[in-house]
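Only one structure is covered here, and it is reproduced in the block below.
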Amino acid sequence: MLGALRRPRFDIGLNCDEASVTEADRGVRLRCRLVATNRGRDALLSIEQCILCAGSRRIPLEVPGHGWRRTRLEEGGRLELPIEWSLTLAAPLRAPSGELLVVVRDDRGRKVEARCGFQFAAEQ
C-alpha cells in the first residue's frame, strides 16, 4: 500500500561537451548529455522544451526524437542521454557565452528544469 503512495523523485543534470559558433555561415553547434537519476518510484519522463539562451536571444530547439519524448526511468535508476544540435540562424550569434534550458515532466505532470551554462568556441 505504501509503495503506491511513493512519488518519483528525480534529479536532472545537464553537461555541455561542446558549444561552438561559426560567424561566417551563422552556424551554432551544441553537444550535451542529459543525466537523470530517480530516487523514488518508477517514472515516465518526457522532455517538453529545449531553449538556447545567448545574450538577449532565446532560441527554441527541437526536442530530439529517438527515445527522447517519453523515457521510462526505473526506481533507483540512472539515465544518460546524448543531445546534439546543429542549426543555422538568420543572424550571427555574437554572444561569448550561453545557457541551455531543458524542461522535463514526469507522468504526474511535475516539472523539473535543467540548466547548463557554457562558453562558445569560435570556429573559422
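Express the relative contact order of the stretch 6-124 as a whole percentage, based on alpha carbon pairs under 8 Å and six or more residues apart in sequence.
35
As an exercise, take the mean of 1/r over every pair of distinct alpha carbons in the chain, invert it, and state the Kirkwood radius in angstroms.
Details: mean 1/r = 0.0645 Å⁻¹.
Kirkwood hydrodynamic radius for the chain: 15.5 Å.
Starting from the Cα of Arg115, step 7 Å along the direction of its Cβ; do the same at Arg41; then give the gap between the two resulting points in nm.
Once both label points are built, they end up 3.2 nm from each other.
Quick one: if you stick a label point 7 Å off each Cα along the C-beta vector at Leu101 and Arg72, how many nm between them?
Modelled inter-label distance: 3.2 nm.
Values in this text are rule-based calculations from the coordinates and carry no lab data. Keep in mind that this is a model prediction, so the values were computed, not measured. With ideal geometry, Cβ positions are generated from the backbone for all residues, glycine too; neighbour counts draw on all protein chains shown.
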